[in-house]
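Participant: One structure, pasted below without further comment.
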Amino acid sequence: MTSPTKAEGSGPSAALDPELAPNAEPAEAEQLEGRSPGQLMWHRFKRDRTGVVSACVVIFFFAVAALAPVISSLYGKDPYTLYAQEPDYPFLLDDFAMPTGSFGGISSDFWFGVEPKLGRDVFTMLLYGMRTSLYMAVLVTVFSVATGVVLGMISGYFGGKVDYWLGRVTDFFLAFPQQLFFIAFMPVVTAMFVSPTDETPTYLRAVAIILVMWFLGWMGMARLVRSSVLSLREREFVEAAKVSGASPARIVRKEILPNIVTPILVQGTYMLPSAILSIAFLSYVGVGFVEPTPDWGRMFAIGSEIYEQDPMFMFFPGIAMVVFVLAFNLLGDSVRDAFDPKTGR
């Protein structure tokens, strides 16, 4: 038997349903006739200007992060070279190791200025810092969502003792103070593989950050999925699938999962910017990425030490992070409204 999600948009009654096309004129409603739920969602999303603009901003950030090496090559600089020590730029820093000129040393050669004390290029530091933070956050979010969905569906569908023990495990992990656990556990993870006298490789720090954040990042998704599955497992179409002899795996995959895609997708759009902020926090307090790896959090840590002498150093990474997080949160709201027009703003 077909689940409700699959049935939507399969005929004229679905297209003319006011919940699917709440603001549609009669002529427009006729055009929506026969469209699938995905097509109806896309139609509603395109009409949301805030969502479209937010999506364009998010895509722009990911494109810039992906093309950071290309942009850096065309720009002619990188985030690792100490340009204050180069003979071509003898007067980048003054006697106090602060950028010469106004606004942090902004010039035609250094678009966003230079870093105090070391003289590195701020523009390329920001590009590569975005690259590090965004793609780390994507991996953390994907792993956390996948783990939460699997455990939440198992807990919600089977119930009983399975639900009880998985619920207690979830409660146990929720009891951890996340930020304090990050700070305390990150050195432990790296010390398990690297001698205290050796420098921890960047790739190992990245793996440790992903593991720690994944370890403490799946519980909210698991609870959301569990509650959604509990409300669906007693529905008629699920009971009909059981009577027809469908296996639990098939029922979960074909009948339940398509009906909880919306909350999973929306929750995922809120988890990613949260992961970015957590990664930046770890680097800010000194347990994430360290020199010379470019990272948003490290830029804020450097800026917090010299903000009185060079406030412009924090301006560009701060604006970039605020714009991206705001755009992604607005995108999540728009996706939610597109899937469920009853929650429309």
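Participant: Check segment 315-327 and report whether any residue there is open to solvent by 60 Å² or more (accessible area, probe 1.4 Å), more than 20 Å from Thr124 (Cα to Cα) and either of a type outside the set (A, V, I, L, M, F, W, C) or modelled with pLDDT of 85 or more (or both).
Facilitator: Yes, segment 315-327 has at least one match.
Participant: Of the residues that make up segment 261-283, is at least one more than 20 Å from Trp218 (Cα to Cα) and not hydrophobic (A, V, I, L, M, F, W, C)? Can you show your working first?
Facilitator: Of segment 261-283, the ones more than 20 Å from Trp218 (Cα to Cα) are 283.
Still in the list and also not hydrophobic (A, V, I, L, M, F, W, C): 283.
Yes, there is a match, as at least one residue in segment 261-283 is more than 20 Å from Trp218 (Cα to Cα) and not hydrophobic (A, V, I, L, M, F, W, C).
Participant: Please specify each residue of segment 242-292 satisfying the condition of being under 24 Å from Ala137 (Cα atoms), open to solvent by 50 Å² or more (accessible area, probe 1.4 Å) and among the hydroxyl-bearing types (Ser, Thr, Tyr).
Facilitator: Tyr270, Ser274, Tyr284
Participant: Would you confirm whether any residue within segment 102-113 is over 22 Å from Thr293 (Cβ atoms) and modelled with pLDDT of 90 or more? Before you say what the answer is, go through the steps one by one.
Facilitator: Here is the first cut: in segment 102-113, the residues over 22 Å from Thr293 (Cβ atoms) are 102-103, 105-109.
Cutting the leftovers down to modelled with pLDDT of 90 or more gives us none.
The answer is no, given that none of the residues of segment 102-113 is over 22 Å from Thr293 (Cβ atoms) and modelled with pLDDT of 90 or more.
Participant: Something else now. Which numbered condition trips up Asn259, out of (1) assigned to a helix (DSSP H, G or I); (2) over 23 Å from Phe215 (Cβ atoms); (3) free of Cβ contacts under 8 Å to residues at least 12 places away in the same chain?
Facilitator: Result: Asn259 passes all but (3).
Participant: Given Asp88, Asp109, Asp95, which one is closer than 19 Å to Phe316 by Cα, in a loop (DSSP other than H, G, I, E, B) and open to solvent by 60 Å² or more (accessible area, probe 1.4 Å)? Even if it seems obvious, please write down each step before you answer.
Facilitator: Details: Asp88 fails: closer than 19 Å to Phe316 by Cα; Asp95 fails: closer than 19 Å to Phe316 by Cα.
Criteria check complete, one pass: Asp109.
Participant: Still on this structure, please answer the following. For segment 210-238, which residues satisfy the criterion of being touching a Phe, Trp or Tyr at 6+ places or on another chain (Cβ under 8 Å) and in a helix (DSSP H, G or I)?
Facilitator: Result: Ile210, Val212, Met213, Trp214, Phe215, Met219, Val229.
Participant: Separate question: Does Leu204 satisfy the condition of being in a helix (DSSP H, G or I), open to solvent by 20 Å² or more (accessible area, probe 1.4 Å), among the hydrophobic types (A, V, I, L, M, F, W, C) and under 28 Å from Thr132 (Cα atoms)?
Facilitator: On the way: in a helix (DSSP H, G or I): yes; open to solvent by 20 Å² or more (accessible area, probe 1.4 Å): yes; among the hydrophobic types (A, V, I, L, M, F, W, C): yes; under 28 Å from Thr132 (Cα atoms): yes.
Taking the combined requirement at face value, the residue satisfies it.
Participant: Could you run through segment 292-313 and say how many residues are outside any helix (DSSP H, G or I) and more than 17 Å from the chain's Cα centre (by Cα)? Even if it seems obvious, please write down each step before you answer.
Facilitator: Step one: of segment 292-313, the residues outside any helix (DSSP H, G or I) are 292-295, 307-311.
Subsequent filtering for residues that are more than 17 Å from the chain's Cα centre (by Cα) retains 292-294, 307-311.
Number of matching residues: 8.
Participant: In addition: Taking the options Phe316, Phe324, Phe289, Phe328, name whichever one is of a type outside the set (Gly, Ala, Ser), in a loop (DSSP other than H, G, I, E, B) and in contact with a helix residue (DSSP H, G or I) (Cβ under 7 Å, 6 or more places away or on another chain). It would help to see each step written out before you state the result.
Facilitator: On the way: Phe316 fails: in a loop (DSSP other than H, G, I, E, B); Phe324 fails: in a loop (DSSP other than H, G, I, E, B); Phe328 fails: in a loop (DSSP other than H, G, I, E, B).
Selected residue: Phe289, the only one of Phe316, Phe324, Phe289, Phe328 that is of a type outside the set (Gly, Ala, Ser), in a loop (DSSP other than H, G, I, E, B) and in contact with a helix residue (DSSP H, G or I) (Cβ under 7 Å, 6 or more places away or on another chain).
Participant: Using beta carbons and a limit of 8 Å, which pairs, at least six apart or on different chains, have the first residue in segment 181-197 and in a helix (DSSP H, G or I) and open to solvent by 50 Å² or more (accessible area, probe 1.4 Å) and the second one modelled with pLDDT of 75 or more and of a type outside the set (Asp, Glu)?
Facilitator: So the pair list comes out as Ile183/Leu282; Ile183/Val285; Ile183/Val287; Phe185/Val212; Pro187/Val287.
Participant: Now for a separate question. Name the residue that is farthest from Asp78 (Cα to Cα), counting only residues in segment 112-146 that are among the aromatic types (Phe, Trp, Tyr) and open to solvent by 30 Å² or more (accessible area, probe 1.4 Å). Can you show your working first?
Facilitator: First pass over segment 112-146, keeping only residues among the aromatic types (Phe, Trp, Tyr): 112, 123, 128, 135, 143.
If we keep only those that are open to solvent by 30 Å² or more (accessible area, probe 1.4 Å) too, we end up with 112, 128, 135, 143.
Values: Phe112: 13, Tyr128: 9, Tyr135: 19, Phe143: 31 Å.
Ranking the candidates gives Phe143 first.
The values are calculated or read from the model by the stated rules, or taken from the named source; none is laboratory data. These numbers were taken from a predicted model, which means no experiment stands behind them. Cβ coordinates were reconstructed from backbone atoms using ideal geometry, including for glycine residues, and neighbour counts include every protein chain displayed. Only protein heavy atoms, including side chains, enter the accessible area calculation; ligands, DNA and RNA are left aside. Shrake-Rupley method; radii C 1.70, N 1.55, O 1.52, S 1.80 Å.
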